[in-house]
Amino acid sequence: VIENVTQSEKAKMLHDEVERLHEACLLSPSPNGLALNEKKRAILNKRGVGEMDWHLSARPVTSTPAHIAARKLCPRLRCFAGGAASSMARNLGRFLNALLYVDEVKAQFQEEIGSCFPAHFDTSPESVRIITAILYLNPDWETGDGGELRFLPLARGPIDIKPLFNRLVLFSSTTMLHRTLPSYAPRRCISFWFGAGPNDHHALCSTLPIRSKPCLHCFTSKEEEEEDIFSPSGKVVQGKFINNGKDSLNTFRTLTLLYHCYEYRDSFLAAFDHVPDLHLALAHDDSRSAAARAALSCAACNFLDNRICSCHVVL
């Protein structure tokens with residue numbers, strides 16, 4: 001979390017441009033693809049959330065009617081990916097010893113009707129994203145306005161981050177489950193994602209802290225039930241690590257989702273209108289969660305059943 005990441009005047013200009021996009025009705029609904037069963041998916045829009053992509057798949061978006069209409073309204077947003085975001089990518093890349101680039105930039109506006117984002121990770125199997133960044137543009141935010149970013153880390157309680165003006169938040173796109181809480185005042189931000197080439201992406205995904213590596217044989221093998229997984233403090237105390245890669249990352253993400261399963265479900269009920277497709281998707285997700293849990297060892301199930309009630313942190 002970085003406070004006052006840019007000059008206040010520049011942040012205010014970005015705030016004004018996002019506000020203009022909203023007032024001009026140039027923002028599009030924010031869609032979510034939800035699996036209804038193993039073969040069928042539905043697209044649902046989050047209630048009260050509008051957004052506009054300015055950079056997509058590492059290229060500027062310029063040719064849509066909305067972007068043509070927005071050119072004069074948003075000079076700083078047009079230059080954001082090639083300016084401030086690219087500079088940050090270079091600096092982060094030097095720090096992480098990796099070649100990073102700006103993959104996507106979008107302006108977002110949440111209306112004051114309890115709009116929010118459901119719990120999710122910021123990557124899919126084909127994604128190149130590695131780091132998520134959010135620049136908040138809410139000069140009048142007060143406690144009670146909602147819209148906090150909530151992290152849901154494995155084996156810990158939630159961490160809420162207030163969407164304060166000129167505050168930048170950086171986190172792992174691949175491993176941090178997160179959501180936003182319902183907004184009861186307008187919430188503006190610029191979300192952007194840094195990508196990495198295949199070698200750097202794999203290396204960065206493989207350098208999770210030991211504390212965050214539940215990728216043990218006994219999580220996926222019922223034959224090793226004698227192994228303890230976590231001490232009461234939540235640290236790994238026994239077990240053998242498997243090779244880092246897609247399997248271990250998927251195991252990590254599955255355990256995180258199971259650990260926060262109740263909040264995960266509630267976040268979808270908060271984000272979408274309660275249409276039949278939403279309830280079908282939640283029922284399908286419940287069945288997948290049950291199947292994932294059935295594949296875990298007894299030690300891992302005990303870990304999930306006996307969650308340590310960690311402190312709820314607010315920043």
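The values are calculated or read from the model by the stated rules, or taken from the named source; none is laboratory data. All figures in this text were calculated on a predicted structure; none of them were measured in a lab. Positions of Cβ are backbone-derived with ideal geometry, glycine not excepted, and every protein chain shown enters the neighbour counts. Quick note on the areas: whole protein, heavy atoms, side chains included, nothing else; ligands and nucleic acids left out. Shrake-Rupley method; radii C 1.70, N 1.55, O 1.52, S 1.80 Å.
Values as computed for the structure displayed
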quantity	calculated
Accessible surface ranking that places the most exposed of K162, K106, K12, K72 first, with a 1.4 angstrom probe	K72, K12, K162, K106
Solvent-accessible area per residue, Å², over region 22-100 with all protein chains present [probe radius 1.4 Å]	62
Sites H274 and C25, calculated FRET efficiency, Cβ-Cβ separation with R0 22 Å, nearest 0.05	0.30
Largest-first principal axis extents of the Cα set of region 1-106 (Å)	44, 38, 29
